[in-house]
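Please read the structure below before turning to the comments.
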Amino acid sequence: MKHLIDHARAFAAAHVQDPAHADAFGRLAGGQAPQALFITCSDSRVVPALLTGAGPGELFELRTAGNVVPPHPGGGAPPSGEAATIEYAVGVLGVQHIVVCGHSHCGAVRAVVHGDDLAAVPAVRDWLAAAVPPHAAVRSVPAGTPDAARAVQAHVLDQVATLRDYPLVRARVADGTLTLHAWYYEVHTGAVHRHGEEDGAAPFSPL
């Protein structure tokens, strides 16, 4: 923890002592206008700003176990922080893009595909059971499939499909002011792949 604390101290010192730095951060106090909502896993190996080069104020982030997008809480379902974050990004901040980014070596996807025993972490077990329904495409991927990327990519597309059911998302996509993107990040290589449905490319191909 010491190196994290030391960096926080150094960052604060730079903010105060460097006028240009201070001015840049001072402008952020006036509000935010991020270009995109970036939905990804809570996994510490996935760093959205590192992947995209985004600076402060450019990405609105939502991180969940397994980059899961829960169904919209309509029809009497209880509200969720995830749904609130999505609605705020789309309806208040007016983001023009939403990226759902899955990653290799994803423990959540592995648990779903392999039916891992999650009794020791009941909140994780129940979260995945509720958020990844039996008909989800990822559940149809055989547990012995050698290419684990296939399962993660199927899972990402499931989440994008769920996003399309959010009323605000559906309306903005329909009027052309919002674009949804499906990404897959390889932790071991740093490569990012995207779903190429819009241009007839292979399902996922390198950016």
Problem set entry | Dipole magnitude of the range 1-117 about its Cα centre (Cβ charges: Lys, Arg +1; Asp, Glu -1), debye to nearest 20 | 140 debye
For this session: Quick one: work out the % antiparallel among DSSP beta bridges in the range 76-207, nearest 5.
Result: 45 percent
Problem set entry | Degrees separating the helix 122-131 axis from the principal Cα axis of the chain, which is the longest one | 70 degrees
Exercise. Build a GNM of the chain with springs between Cα atoms under 10 Å: which of V169, V90, V121 gets the top mean-square fluctuation?
Worked result: V121
Exercise. Carbon and sulfur together cover what percent of the accessible area of the chain at a 1.4 Å probe radius?
Worked result: 59 percent
Problem set entry | Spatial extent of the range 1-147: Rg and Dmax, with the Cα atoms as the point set, Å | 18.9, 56
For this session: Provide the FRET efficiency to the nearest 0.05 for the Q32-R164 pair, computing r from the beta carbons and using R0 = 30 Å.
Result: 0.75
For this session: Post the alpha-carbon centroid distance, the range 157-196 to the range 91-156, in whole angstrom.
Result: 15 Å
Exercise. Projected onto the charge dipole of the range 99-207 (+1 at Lys/Arg Cβ, -1 at Asp/Glu Cβ, origin at the Cα centre), which of S104, T189, V173 gives the Cα projection farthest towards the positive end?
Worked result: V173
For this session: Over the range 76-193, give the accessible area per residue in Å² for a 1.4 Å probe, as an integer.
Result: 49 Å²
Exercise. Going by alpha carbons, how many degrees (0 to 90, nearest 10) lie between the helix axis of 19-28 and the longest principal axis of the chain?
Worked result: 50 degrees
Exercise. So what is the relative contact order for the range 1-160, in percent, with contacts set as C-alpha pairs under 8 Å and at least six apart?
Worked result: 22 percent
Seminar exercise, completed: Computed over the Cα atoms of the range 38-115, the Rg and Dmax in Å are 13.8, 40
Exercise. If we sort 106-114, 22-30 on the protection proxy, mean other Cβ atoms within 10 Å, highest first, what's the order?
Worked result: 106-114, 22-30
Exercise. Along its principal axes, what span do the Cα atoms of the range 70-158 show, with the longest given first and each in whole Å?
Worked result: 43, 28, 22
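The values are calculated or read from the model by the stated rules, or taken from the named source; none is laboratory data. Just so you know, these numbers come straight off a predicted model, no measurement behind them. Glycine gets a Cβ as well: all are built from the backbone with ideal geometry, and neighbour counts include every protein chain shown. To get the accessible areas, we keep the full protein, side chains included, count just its heavy atoms, and leave off ligands, DNA and RNA. Shrake-Rupley method; radii C 1.70, N 1.55, O 1.52, S 1.80 Å.
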